[in-house]
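Read the figures in this text as sums done on the coordinates, not as results from a lab. In this text, all values refer to a predicted model and were calculated from it rather than measured experimentally. Every residue, glycine among them, receives a Cβ derived from its backbone with ideal geometry; neighbour counts consider all protein chains shown.
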Number of protein chains: 2
Amino acid sequence: MTTTAKESRNGVDTATLFATLDAVKAAPEAAKFQFRATNEWITGTHSRSTIDAFFGVGEERSHERTFHFDADHPAILVGRDNGPTPVEFVLHALATCLTAGLANIAAARGVRLTEVRSTVVGDIDLNGILGLNPKVRNGYEGIEVRFTVKGDAPPEVLEALVEQSRARSAVFDIITNQVPVRIEVEAS
Amino acid sequence: MTTTAKESRNGVDTATLFATLDAVKAAPEAAKFQFRATNEWITGTHSRSTIDAFFGVGEERSHERTFHFDADHPAILVGRDNGPTPVEFVLHALATCLTAGLANIAAARGVRLTEVRSTVVGDIDLNGILGLNPKVRNGYEGIEVRFTVKGDAPPEVLEALVEQSRARSAVFDIITNQVPVRIEVEAS
């Protein structure tokens, strides 16, 4: 009974989580993943991405279904609002990465979560991307995340879960540190 | 007739685009935007974000409709694949940002695009987020973008459009430079 309770804590299969950790410890190459998105321009600032295949644990894999997402600019930014802006997807990526890590870490530490909510806000001065002020950067000047976390542990234990999730978050690292990006163009 | 053709080039309303640039030149404060996402944990690594309200051009605004996006981990990463991983949304954000900029810049320069496709791949070693190797970072080690661009201009002109889009991309800046992120927690 104890095992069952442990396995289902926070919806995280902790037995498999720990088994995965052991498997990667034994074969570190298994942890090399490549994720991909393909994108097709539709019109104006509107484009659509497809997310399906990825590589991991030594072989080509794919999601259980193919995902499609549109992005656009709102009318105030000379678009047609067919989807969120690209920079809003960055906020979504950050919130979901921190939250997934939080649930996993809580399960591993034996904490049962009852509620996790977050709001992520990013301030951006479009004088940057509009090329009107060379002192203004193109991207967010700053991002703020506000978490509400409830669970069966004291506040300081819950706060420590968020801190550990931050310390192990892929998207937090991508945003707060530098990732080299190479762009190749085949034009005709 | 020339005006109509120009206005509809690449689906970009260039008259409004240039008018927006002039308006921001006259009132730089109008370019201060704040974007937001709210997120709710569902179970395990699965959470759902809502994107709706934003601030810009001096007032609160909202998208024409409210957008919802799920993220999760695939089964191989101890999730249930209810959505792409957070790091895949980062690739989507980069592709859509570069593509929107490309269409705007092409329209402004009088180039008619006929096709824009891109593939974005990110390599990540999960020994980082699994905490198994302190020398491995949490996020992508590198990202590569491959564009196919077709239009009514010579290849070097089309390539220059991508280069200018890169130079003015918010998401490219966020990923390749550092954005400060502050996290607050209300735990109970």
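List of remarks:
- Full extension of the chain segment joining residue B:26 with residue B:55 gains 8.5 nm, where the gain is 0.36 nm per residue of separation less the Cα-Cα distance.
- In a reduced charge model with +1 at each Lys and Arg Cβ and -1 at each Asp and Glu Cβ, segment B:1-94 shows a dipole moment near 180 debye about its Cα centre.
- Rounded to the nearest whole angstrom, the semi-axes of the ellipsoid equivalent to segment B:93-157, taken from the Cα gyration tensor as √(5λ), stand at 36, 10, 8, largest first.
- Under 5 Å from the amide H of residue A:80 lie the amide H atoms of A:45, A:73, each residue being 5 or more positions distant or on a separate chain, with H modelled from the backbone and absent for Pro and chain starts.
- With the convex hull drawn around the C-alpha atoms of segment B:61-185, the volume per residue stands at 185 Å³.
- Alpha-carbon geometry of the protein assembly as shown: the Rg and the Dmax are 21.0, 76 Å, given in that order.
- For chain A, built as a Gaussian network whose Cα springs stay under 10 Å, the top-fluctuating residue of A:88, A:144, A:159: A:144
- Summary for residue A:26: label point 7 Å along Cα→Cβ; distances to the equivalent points in the other copies, ascending, 7.0 nm.
- Summing charges over all other residues whose Cβ lies under 12 Å from the Cβ of residue A:42, with Lys and Arg as +1 and Asp and Glu as -1, gives -1.
- Pairs of Lys residues in the protein assembly as shown are counted when their Cα atoms are under 30 angstrom apart and they lie 8 or more places apart or on different chains; the count is 10.
- Under the Karplus curve 6.51 cos²θ - 1.76 cosθ + 1.60, θ = phi - 60°, whole-Hz ³J(HN,Hα) for segment B:171-188, x wherever Gly or Pro sits: 6, 4, 5, 4, 7, 8, 10, 9, 10, x, 10, 10, 10, 10, 10, 10, 10, 7
- Estimated 222 nm signal from helices in chain A, with DSSP H stretches of n ≥ 4 weighted -39500 (n - 2.57), rounded to 500: -10500 deg cm²/dmol
- Counting charges near residue A:180 (Lys, Arg +1; Asp, Glu -1) among other residues having Cβ under 10 Å from its Cβ returns a value of -1.
- Each listed q (0.13, 0.17, 0.21, 0.26 Å⁻¹) maps to a log10 I(q)/I(0) for segment A:123-176 from the Debye sum over equal C-alpha point scatterers, namely -0.51, -0.68, -0.82, -1.00.
- Couplings 3J(HN,Hα) of segment A:139-154, computed from phi: x, 4, 6, x, 10, 10, 10, 10, 9, 10, 10, 10, x, 8, 9, x Hz, in residue order, whole Hz [Karplus 6.51 cos²θ - 1.76 cosθ + 1.60, θ = phi - 60°; x for Gly and Pro].
- Ranked A:89, B:18, criterion: other C-beta atoms within 10 Å, fewest first: B:18, A:89
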